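Remarks on the structure that follows.
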Amino acid sequence: MLIKVRALLFALAVTTLLSAGTAVKATAQNKVPLTHESMWMMKRVGAPVPSPDGKWVVFSLVEPAYDEKDQVSDLWIVPSDGSAKPRRLT
């Protein structure tokens with residue numbers, strides 16, 4: 001089970017880096033510097049929690065906002081074998 005969770009975390013990290021790479025290419029063309037504001041507004045992924053049977057992994061995703069009432073926090077679930085895309089639970 002630990003190997004599956006590590007594989008999932010690796011897959012999530014690779015996906016995140018690939019997405020960031022695409023964003024960096026687009027940003028490089030527009031020459032927009034990384035600012036405190038852009039860092040503050042980045043989505044934040046919480047620690048993954050595997051299900052007791054090891055088939056699923058749940059994690060939180062926070063979409064920040066300057067006004068606390070506009071901040072969105074959802075739980076997402078994904079199969080630990082990476083066979084499907086994550087889906088939102090809340």
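The numbers here are math on the coordinates, done by the rules we state, and not lab data. Here the structure is a predicted model, which means the values were calculated and not measured. Cβ placement follows ideal geometry from the backbone for every residue including glycine, while neighbour counts extend to all protein chains displayed.
Consider only pairs whose beta carbons are under 8 Å apart and that are at least six residues apart or on different chains; among these, list those whose first residue lies in region 77-90 and is touching a residue at least 12 places away in the same chain (Cβ under 8 Å) and whose second residue is in a loop (DSSP other than H, G, I, E, B) and hydrophobic (A, V, I, L, M, F, W, C).
Once the first residue is touching a residue at least 12 places away in the same chain (Cβ under 8 Å) and sits in region 77-90, its partners that are in a loop (DSSP other than H, G, I, E, B) and hydrophobic (A, V, I, L, M, F, W, C) give Ile77/Leu89; Val78/Ala84; Ser80/Met1.
How many residues does region 32-81 hold that are part of a loop (DSSP other than H, G, I, E, B) and within 14 Å of the chain's Cα centre (by Cα)?
Total satisfying the criteria: 7.
How many of the residues making up region 50-75 are among the β-branched types (Val, Ile, Thr) and exposed (fewer than 13 other Cβ atoms within 10 Å of the Cβ)? Spell out the reasoning first.
From region 50-75, those among the β-branched types (Val, Ile, Thr) are 57-58, 62, 72; that's our starting set.
Then drop every residue that is not exposed (fewer than 13 other Cβ atoms within 10 Å of the Cβ), which leaves 72.
Total meeting the criteria: 1.
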